[in-house]
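Please treat every number below as a calculation from the coordinates, not as lab data. In this text the structure is predicted, and so the values were computed from the model without any measurement. Note: ideal-geometry Cβ built from the backbone for every residue, glycine included; neighbour counts use all protein chains shown.
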Amino acid sequence: MQRGIGKGAILGIVIIIIVIGLVAGLYYYYYGPSGKVYVYLSDPGNTSFVNIYFTITSIQAHSTKGWITISNKTETVSLSSTPQLITSANMPPGNYTEVRFVVQSVTITLANNFNVSATLPSNVFKVPIIGGLDIKPGGTEYLTISIGPHVTLTGNGSYILRPLIIASASNTPPS
């Protein structure tokens with residue numbers, strides 16, 4: 001007399017397959033493919049100067065997993081009322097709540113087309129991301145950093161930049 005596989009064994013195999021599927025699905029969701037982020041820089045409307053140039057050396061975003069580097073590429077960008085793409089990167093899935101970027105230097109072009117250097121109170125800016133940046137596996141997000149420059153001319157003729165910075169995220173490119 002041959003014995004077949006019992007109902008209990010079949011049920012056990014089905015449960016094991018379901019558990020393996022759930023674990024694999026959760027692993028894929030949390031550690032699976034990365035999402036893409038595009039970082040833009042804009043000036044909400046500077047009329048005081050011809051141009052302001054930032055040399056940015058690092059951009060990072062913070063989540064519960066710590067700081068994740070978006071870019072370590074040195075990039076000089078001009079502030080513009082039209083958002084400019086400054087970098088893009090693949091990032092691990094997660095909710096990022098803060099962006100940090102390091103500014104190496106600032107150059108201001110005055111109305112007479114004369115360039116001057118400006119100092120910053122800190123060369124590292126940490127800015128909360130309004131609503132957070134939610135990177136999903138295979139998804140695309142857009143991070144816009146708006147810098148409202150506030151420039152002060154000191155008594156000794158030097159310039160100090162104290163910007164108002166806002167970071168916001170969206171699932172559509174800025175316009």
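In table form, for the structure just shown:
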{"read-out": "Average projected area [Cα convex hull, the chain], square nanometres", "value": "13.5"}
{"read-out": "Cα point-scatterer Debye curve for the stretch 52-141, base-10 log of I(q)/I(0) at q = 0.12 Å⁻¹", "value": "-0.44"}
{"read-out": "Ranked ILE20, ILE147, ILE160, ILE135, criterion: other C-beta atoms within 10 Å, fewest first", "value": "ILE20, ILE160, ILE147, ILE135"}
{"read-out": "Approximate spin-label separation ILE166-THR154, in nm, with each point projected 7 Å along Cα-to-Cβ", "value": "3.0"}
{"read-out": "Label zone at ASN95 (point 7 Å along Cα-to-Cβ), backbone N below 11 Å, the stretch 51-70", "value": "64"}
{"read-out": "Per-residue Cβ neighbour rank within 10 angstrom, fewest leading, VAL37, VAL127", "value": "VAL127, VAL37"}
